[in-house]
1. Once amide H atoms are built 1.01 Å from N in the peptide plane, which residues 5 or more positions from A:Asn313, or in another chain, come under 5 Å H to H?
2. Size of the dipole of segment A:360-420 about the Cα centre, Lys and Arg at +1 and Asp and Glu at -1 on the beta carbon, nothing else charged, in debye to 20?
3. Suppose we look only past 22 Å in the calculated P(r) of segment A:203-316. What percent of the Cα-Cα pairs does that tail hold?
4. Send over the semi-axes of segment B:2-233's equivalent ellipsoid, whole angstrom and largest first, taken as the square roots of 5 times the C-alpha gyration tensor eigenvalues.
5. Anything over 24 Å Cα to Cα? Flag those among A:Lys355/B:Lys42; B:Lys60/B:Lys278; B:Lys298/B:Lys334, in the order listed.
6. For segment A:2-220, what number results from the quotient of the Cα radius of gyration and 2.2 N^0.38 Å?
7. Tell me, Kirkwood radius of segment A:293-362 from alpha-carbon pair distances, in Å?
8. Taking θ = phi - 60°, what integer Hz values does the Karplus form 6.51 cos²θ - 1.76 cosθ + 1.60 yield along segment A:280-293, in sequence order, with x for Gly and Pro?
Amino acid sequence: MNYKKIKCDNYNIHLINNKKYHNISFAVYFADNISKEKLAYHNVLVNILTTASKKYDTRSKIVKKTQDLYSISPYAVTLRCGNLLVTKFSISILNSKYLDKKIIKENILLIKELLLNPLVEDEKFNDKYFDLALNQEIKKTERFKEFFMTYATIKALNLSSDKEENYKISKYIPIDMLKKLTNKGLYKSYKEMLNNSKIDFCISGNLSNEQELIEFIKKEFKFTNKYLLNEVFINHYDKDNEMKIQFEKSDVEQSKLALVIKAYDLTDFERRYVAAIYNGLFGGNSTSFLNSIVREENAISYSTYSYYNRSDNIIIVNGGFSKKNYEIVKNIIYESMDRIAKGKFTKKMLLNAKKSFINDLLNYDESNSSLISFFYGKEIFKGPDVKERIDNVKKITKQDIINISKKLKIASIYNLESDL
Amino acid sequence: MIKLTYFGEEQIVYYEKLDNGLEIFIAPNKMVNSYRVDLVAKLGASVTEFIPVKEKEYIKMPLGTAHFLEHKLFDTKDGDATFLFDDAGVVTNASTNYYYTNYFIEGKKQFKKNLNLFLDVFYTPYFEKDRIENEKGIIGEEIDMYIDDPDWVLYRIEKESVFNKALKDEVAGTRETISEINADILEKVYNTFYQPSNTFLVISGKVNPKEALDIIKSNESIKKRMSNYPVIFKKIHEDLPVNREYGAGTGLVVIPKLSYYFKYDVNEFKFLSPEKFKAYLNILFYILFGDGSDFSEKIHEEKIANYFYIDTMYYENIYIIGICGESEYADIFKDEIDKTLENLQINKDDFEREIKVRNSIIIRELDNISDVSYSIIRSIINRGKYIDDKEILDSLKYEEFLDVINKLSFDNKAFNLLLPKEKKS
C-alpha cells in the first residue's frame, strides 16, 4: 500500500494505492465549523444532491447510470465531528481489471455532475425536490422516537448542560427548526459548503496511473474556497455543575438508560489513547466491568455497555433492563468507576482493553472505505500513523488509568422507564 | 481437497469431507490480514421435536432451546471461553435463526492456537446447572429488548399472515418456555445436532488451506465426538396458501410500518431449478420495485411512503418475496404495488442491468471475508450444497425470464400493518 497526499491549489488529494481489493473507493469531503442550522441544511443537501442534477433530473436516472457503470449508487452523508461538520460524497467503483479503464473517470464525472451541476434555478433548488427532501428530514425526526436507546441518549446529552453546546447537536433536527428552512437558504448553504470548507479528495484502490488521475481531478474540480476551521475536539468547562437525573415514563417493555460522563482537562495523550483504554476496561469490551458484572454476574441485562466519543470528550453508558433493576445497574456503574479509580483491576483486564483497541486499529486497511476513513481521520484529527498509535497504547500504565479517572464526572442520567 | 470456485476463478474454495462427516470449506485470501472461522450447526428454532441419538422416542424441546444452547456453548470448566478469546485478541460471536446456529471467530494472529481453541470449545460442551439458571435472566432481558423493537413486532405479524404452520414460534422463545430448559435437554440436543456430521466449518481470509485442514484433522475434541448418527426431527409441512391476506397489530411506532408479501413454491415450474426460480423472482422485484424503478420514483415523488425495501423469507420449498416500508397511506401504497404487478413493464435493458448489479455485488463480496463466509453458509443451508452464485447468474436468460413472469401469479399474498398504539383500527 502506498499513500500520497497531493496539495493542490484549494484542496488535497489523498491517493491510497493498493492492490488488495476488487473495487476503488472515491470520496470528496467538505469540513466546516458546526452549527445546528448548518447541519439541518446539510441533511437536506446530501439528499437533494443525490436525487437529481441538471443532466440526470430524476433519482431513477442517477441509479440507472451508476448501475450501467457497475457501481453502487453515489452516497452522501453529513455528520458532526466534534466542533466540525463533515459532509462526504462517495462512490464505489468496480476494479478496472474487470472493466474499461475509462470507467473510473466516468464515475468521478458522475460525482462532479451531482456535486457541481445541481438542479438549480434562480439561486434555489428545484422546488419539488426541496419539498421532498425536507419532508424526509421531518419524518426522520418523527421516527427517531422509535429508537429508544438513541432517544434516551440524546435526552441525556441535552440534560447534561443548560447551555447551547456543540456536543448536544444531534443529526435529528427539531421539527420546528426544520420547518423554518427555506429553499433559498439551502442554496446559500450549498454555496457556503463549496466556498467555506476544507476540501479533501480521497481515492483508494488499484490505481494504475496515479499521475493521470491527479491531473484529471485537478482539471475537473476547481474551487475558490477559503476556510478557518475551529479546533475539532470539544472541551468541557462545567466540572462544578451538579449531576442531573431525569426519568420519563414510556410504554417500553424494558427501561432504557443513558448516562453521560464528561472528561475534563485531558492531555492530548489521554484524549487519544488513555480514555479509550479506560472505556474498554469500564464498559467497552466483553471482559469489561459493566459486561462482567451487569450481564454475566447479575444476569439483569442482555446489553449494558459504554462507548467513548473522542471528539466530544464524552463517555456514554447505555443499558436495557427491567424497571426494578434500575438502582442495581446504576450502583454497578458507580462502583465500577470507583474500582477503576482505586486501581482495583487486574493487569490482564488492562491488557485485554489494550489488545482490543490495537486490534481495532489494525483493521484500518480491511477495506478501501476503511483506508479512506483512516487517512481522512488522520488529516482532520492530526493523528500519527498506526505504528505510533500502537506504541502509545502499549505505554499506558495502571497509573494513567487511575489518573484519568479523576478527570471524569457523571454529568447526567436519563432513564426511559417502563410504565407497564 | 476438492477445488470449487467462487465467482469463477476469482476465489478458490477448497472442500473436504472428513470420515466423521464434518464438511470443511476453505476460501483463502492472501490480500487480507485477518482470518475468519465459522462453525455452523444445522439446528435452528424451527426444530421443536426430535429423537435424541441412541434413543427411540421423539421428545419435545422447549421453545428457544437452540438459541439457549448458542448462549451456553462457550461455557467451559474454566469459565466463559469468550474471555480466552479476548485474551488472544480474537473477536467471537454467535447467532441463531430458524435454520441454523452459527458461531465465528475472527483474528489476525495465532491461527493454529485459536482454531484449536475454537474447535475444543465447540466440540466439548459443558452444561452447569447454576450457569444455566443465570443465563435465563440474560435471555429474558434479550426477549424484552426484542419486544420494544417495532421491526420485530411487525415480523411476528408477517409470519402469522404468511405461514400456516411453520416459523410460528420465536427464535429466543419466551420467558416461560426458557424456564423449562435444563442441562439434560441441552445435552440431548447437543449430542444429536452438534455431531460433526451435522455441522460444517467455513474458513476464509489469511489462511493456508493445507495447514488448516491438518489442524482440524488432528484436533482431539473432534475425534472424541460421536458422529454419523442419523439426525431425526419432525419437519413441519408448510402449505402453499397464505394463512391470511391481511394482518395488523400495534406497536411502539410513530409512523405505520407495512409489508406486502407474495408466497411461492420454488418447484412451481418443472422446467426451472429452485435456484433459477428464486433468481428470476428477485430480478423481477428489483426491476419493478428497486431503487431506480418507476414505482420508486412515483412513491417518493407523491410522498406515498417514507422509505421501502425488498425483503425475502424462506422455509423448505417455500419462498416469499415482498416489499416492506413505512407509510401513512398504506392503502395507496398497496394499490400501487398491485397496479405495478397487474401491468408488468419489463425490457431487456432492465434485465441486463440487474444481472450487471448482481455480478458486481458478488465481486465486491470477495473483498470481505465475512461476506464470503456468509455466502458459503447461505448456499449450504438454502441449497443443501455449495453452488457458485455466478453459475446461477450465467444460466439466466431473458427469454426464459419472460416466460416465467408471464406464468407467474401474484394472488397468494399477505398485507401487514403495524400501527401506532393509539391508532389501532
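1. It is A:Ile234, by chain and number.
2. Details: 10 positive and 10 negative charges, 108 e Å.
In debye, rounded to 20, segment A:360-420 gives about 520.
3. Here the long-distance tail beyond 22 Å is 60 percent of all Cα pairs in segment A:203-316.
4. Numbers: eigenvalues 182, 83, 75 Å².
Those come to 30, 20, 19 Å.
5. A:Lys355/B:Lys42; B:Lys60/B:Lys278
6. Relative to the 2.2 N^0.38 Å estimate, segment A:2-220 comes out at 1.09.
7. Kirkwood hydrodynamic radius for segment A:293-362: 13.8 Å.
8. Once rounded to whole Hz, the list reads x, 5, 6, x, x, 10, 5, 8, 5, 4, 5, 5, 5, 8.
No value in this document is a laboratory result; all are computed from the given coordinates. Source: prediction; values computed, not measured. Heads up, the Cβs are rebuilt from the backbone with ideal geometry, glycines too, and the neighbour counts pull from every protein chain shown.
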